Amino acid sequence: MIGVALDLFSRRSPDDVSIDEIAAAAGISRPLVYHYFPGKLSLYEAALKRASDDLAERFIEPREGPLGARLLRVMRRYFDFVDEHGPGFSALMRGGPSVGSTTTNALVDGVRQAAYLQILSHLRVDRPPARLELVVRSWISLAEATALIWLDGRRIPRGELEVQLVHDFAALAAVSAASDAEMAAILRRALSEEPSESPFADLVGRLVALAG
């Protein structure tokens, strides 16, 4: 039932989806919906919880291979979710008209924290310095904002945005590393494992060409 509701809420505004429609799509009776959920609000919250759990899982990636390739795979799965559940993603990040801000904020914070911990794991950092925390959390917020803007017209091919966000991570880290020794050491270690055809190396090549 939650899966059916999430699918409907992901394609239309929650205010435009009725309990009767959810029941019909799930192949159950209206009273049975109310047996499990007192109203549409509670069902919508459950659907958002399912969406937030799914979105958080998109950041899970085996810690194998170069960091740039791993981040790119994460971004592809992230945009898969955004592409498939556009209205649901917007509702989760912006807060739906029927859901209290406390509930929505808690779900979004959970996604952000899960993403943050995954990125630290990829960087092999247990106790992140303050500048690294700033870089990672800023990048996560940037990914959210980029996806929301992309949904409004999809004017840029999503594949280009996925690569751009990986470049953005490298750029944010590089700016911080330029003035912080701890960040410099973390970035230097990550870059030492990058092959010549990696997204990070691609960014360096583009910047060199731009400077020339």
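Just so you know, all these numbers are worked out from the coordinates, no wet-lab data involved. Just so you know, these numbers come straight off a predicted model, no measurement behind them. Backbone-built Cβ (ideal geometry, glycine too); neighbour counts: all protein chains shown.
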* Determine, from the Cβ-Cβ distance of A106 and R154 and an R0 of 35 Å, the FRET efficiency 1/(1 + (r/R0)^6), rounded to the nearest 0.05. => 0.75
* Asked: Arranged by the count of other C-beta atoms within 10 angstrom, fewest first, what order do I119, I156, I19 take?
  -> I156, I19, I119
* **Globularity index of the range 42-140, i.e. its alpha-carbon radius of gyration over 2.2 N^0.38 Å** => 1.14
* Structure fact -> Computed over the chain, the relative contact order (Cα-Cα under 8 Å, seq sep at least six) in percent reads 22 percent
* Asked: Once phi is turned into θ = phi - 60°, what whole-Hz ³J(HN,Hα) does the Karplus curve with 6.51, -1.76 and 1.60 give for every residue of the range 158-164, x standing for Gly and Pro?
  -> 4, x, 5, 5, 4, 5, 4
* Asked: Per residue, how much space in cubic angstrom lies within the convex hull of the C-alpha atoms of the range 141-201?
  -> 82 Å³
* Asked: Around R189, with a cut-off of 13 angstrom between Cβ atoms, what is the net charge of the other residues, counting Lys and Arg +1 and Asp and Glu -1?
  -> -1
* Structure fact -> Projected onto their principal axes, the Cα atoms of the chain stretch, largest extent first, over whole-Å spans of 65, 36, 28
* Structure fact -> Neighbour-count ranking for H167, H35, H122 (other C-beta within 10 angstrom, fewest to most) reads H35, H122, H167
* Report ³J(HN,Hα) in whole Hz for each residue of the range 167-184, in order, from the Karplus equation J = 6.51 cos²θ - 1.76 cosθ + 1.60 where θ = phi - 60°; Gly and Pro get x. => 4, 4, 4, 4, 5, 4, 5, 5, 4, 5, 5, 5, 10, 9, 5, 5, 5, 4
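If you take the C-alpha gyration tensor of the range 23-67, multiply each eigenvalue by 5 and take the square root, what semi-axes do you get, largest first, in whole Å?
35, 11, 6
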